[in-house]
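This report refers to the structure that appears directly beneath it.
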Amino acid sequence: MNPISLVWDVQFTGEGVTQKATGIMLVAMGEHIQHSVIEVMNHNRVREGQKVSRAGYTSGLRFIIDATFLDTEEILELNERALSFNHEFCSLSSVSISETLPIPLDIPTKSRFPELGRIMLCVRFTDGLGYTDAKKIRNAIGTQTKETKDGLDPIGTGKGSSGARFSEEFRSMLSDSKWLRRFPSLTGVSKGLLSGAAAGGCYDLSYDLREAVRQLTESSEEIWWSKLDPDELTLTPSLIVDPSEKLDSKFDPAHYHHLEGEKSDNYVKNMKEIEMEQTGDSDVVEDLAYTLGRMMRGRRMRKQVGVDQGLAHGNEAFVISENVILPWIAEEFVNCLGFFLMTRKPKYWRNGQCEVRVVQPFSSELIEVLKEAD
């Protein structure tokens, strides 16, 4: 079972967008939920026309509650309690469920990965780890939030952004990026929690894999797979899907950021050098390199579909897209984002503490699925 969390978001009214109101809301939400909160995030916005790197203001709060070891009834009670929150500074209270993804994705997670939803890219700051000079440490701590706000958004453009590392097609699978700062709250939620330095940053984005799956399914016909022979009638039809030949389409994972050959290798080399400067631990470097190596395998495995997947004359494309293309794209999509988190800014983002979390609307059915997952 992957770690799961209850994600409670409260958006502020116009009157609530002040530092004083933020402190009031922190206390009010903490008292209302009556449960330990492992992390608080603030929805950070800049005013229209301002640069992304500006400090911004708090337009809402996000409470992260670890639900991994809670039973279903406890989670349902927390959801009802959060939704009942009422305050003069609250314009909207909503609850979602986040699942921290294993990278690379394991088979059970890959098989149920939703084709659209929201995803969180979360990093922890290094706070100058690896530097010995006091001035350089202070400079690193002073710039890590700005560097992260600019560089963590995979669809961002402009100076310091990261959008250029991804193809236009890959970026088209992502949209609506929202910046949040991360504040651990293991000792409790207090009025001044957000007055100190953030421990990390997060971008929450919408994603949609449907167009990539559709295009790859269509363009791969007669290359990776062929329709059933209409003259061959059988009760047990089957097809082989062989994606060994790379397609020109930029949706083909061969063109993703983590599978760019020498360029990707150089990103890994840079990460390893910085990790050695930070910790000097060759075992840690080896473990990180092993994880990245698994992400970069770029496996293009032959798959067979048949009656167990519902294959019949006329529905070949649907069966292949659902059972072969979607799980494969989901795996490489997450691998690509995980690779990005581990290699983009290792001087500022602590390796081993970066996470990709998929966020889905709350439902009791989803809780049961996640609780029962192997």
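Quick note: the coordinates plus some simple rules give every number you see, no bench work behind them. In this text the structure is predicted, and so the values were computed from the model without any measurement. Here the Cβ positions follow ideal geometry from the backbone for every residue, glycine too, while neighbour counts run over all protein chains shown.
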(request) Find how much the distance from E221 to S172 grows on full extension, using 0.36 nm per residue of separation minus their present alpha carbon separation; answer in nm with one decimal. (result) 15.4 nm
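Over the chain, what per residue volume does the convex hull of the Cα atoms give, in whole Å³? Could the numbers behind the result be given before it?
Details: hull volume 59.3 nm³, N = 374.
That works out to 159 Å³ per residue.
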(message) Given the DSSP H assignment, sum -39500 (n - 2.57) over each helix run of at least 4 residues in the chain and divide by its residue total; what's the result at 222 nm in deg cm²/dmol, nearest 500?
(response) -10500 deg cm²/dmol
(request) Between beta-carbons, use under 14 Å as the cut-off and find the net charge around V324, counting Lys and Arg +1, Asp and Glu -1. (result) -4
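When Rg is the radius of gyration of the Cα atoms in the range 214-328 and Rh is its Kirkwood radius, what does Rg/Rh come to? Intermediate results must be reported in sequence, preceding the final value.
Details: Rg = 19.6 Å, Rh = 16.7 Å.
With Rg and the Kirkwood Rh in hand, the quotient comes to 1.17.
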(request) Distance between Cα centroids, the range 130-151 to the range 166-217: provide it in whole Å. (result) 21 Å
(request) Report the local net charge at P104: Lys and Arg +1, Asp and Glu -1, summed over other residues whose C-beta lies under 11 Å from its C-beta. (result) +1
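So if each residue of separation counts as 0.36 nm, and I subtract the Cα-Cα distance between N270 and D231, what length gain in nm does that give? Spell out each step's value before the answer.
On the way: separation 39, 0.36 × 39 = 14.04 nm, distance 5.68 nm.
Roughly 8.4 nm would be gained on extension.
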(request) Could you calculate, for the range 1-158, the ratio of the Cα radius of gyration to the Kirkwood radius, expressed as Rg to Rh? (result) 1.00
(request) Within 10 Å of each residue's Cβ, count the other Cβ atoms and sort L186, L180 from fewest upward. (result) L186, L180
(message) Between D133 and F69, what's the calculated FRET efficiency when r is the beta-carbon distance and R0 is 35 Å? Round to 0.05.
(response) 0.25
(request) Distance between Cα centroids, the range 319-374 to the range 57-128: provide it in whole Å. (result) 14 Å
(message) How big is the dipole moment of the range 115-181 about its Cα centre under a simple scheme where the beta carbon of each Lys and Arg is +1, that of each Asp and Glu is -1, and everything else is neutral? Debye, nearest 20, please.
(response) 380 debye
(request) Express the C-alpha Rg of the range 191-253 as a ratio against the empirical globular expectation 2.2 N^0.38 Å, rounded to two decimals. (result) 2.12
(message) Give me P(r) over the range 312-366, computed from all C-alpha to C-alpha distances, binned every 5 Å, as integer percentages.
(response) 4, 15, 15, 13, 16, 14, 11, 7, 3, 2, 1
(message) Using +1 at the C-beta of Lys and Arg and -1 at the C-beta of Asp and Glu, which of L26, I38, G151 has the Cα lying farthest in the positive direction of the dipole of the range 1-155?
(response) G151
(message) Placing +1 on the Cβ of each Lys and Arg and -1 on the Cβ of each Asp and Glu in the chain, which of P237, S5, S161 has its Cα farthest towards the positive end of the resulting dipole?
(response) S161
(message) For a 27 Å ceiling on Cα separation, which of these pairs sit above it: K136/K272; K149/K272; K20/K159?
(response) K20/K159
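What size of dipole, in debye to the nearest 20, comes out for the chain about its Cα centre when the only charges are +1 on Lys and Arg C-beta atoms and -1 on Asp and Glu C-beta atoms? Kindly include the intermediate steps, with their values, before the conclusion.
Details: 43 positive and 56 negative charges, 450 e Å.
Dipole about the Cα centre, nearest 20: 2160 debye.
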(request) Could you give the DSSP H helices of the chain that reach 18 angstrom or more along their long axis (alpha carbon positions) and whose average Kyte-Doolittle hydropathy is no lower than -1.0? (result) 19-33, 282-295, 326-343
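Report the local net charge at R357: Lys and Arg +1, Asp and Glu -1, summed over other residues whose C-beta lies under 11 Å from its C-beta. Write down the numbers at each step before the final one.
Details: positive: R118; negative: E99, D204, E355.
That works out to -2.
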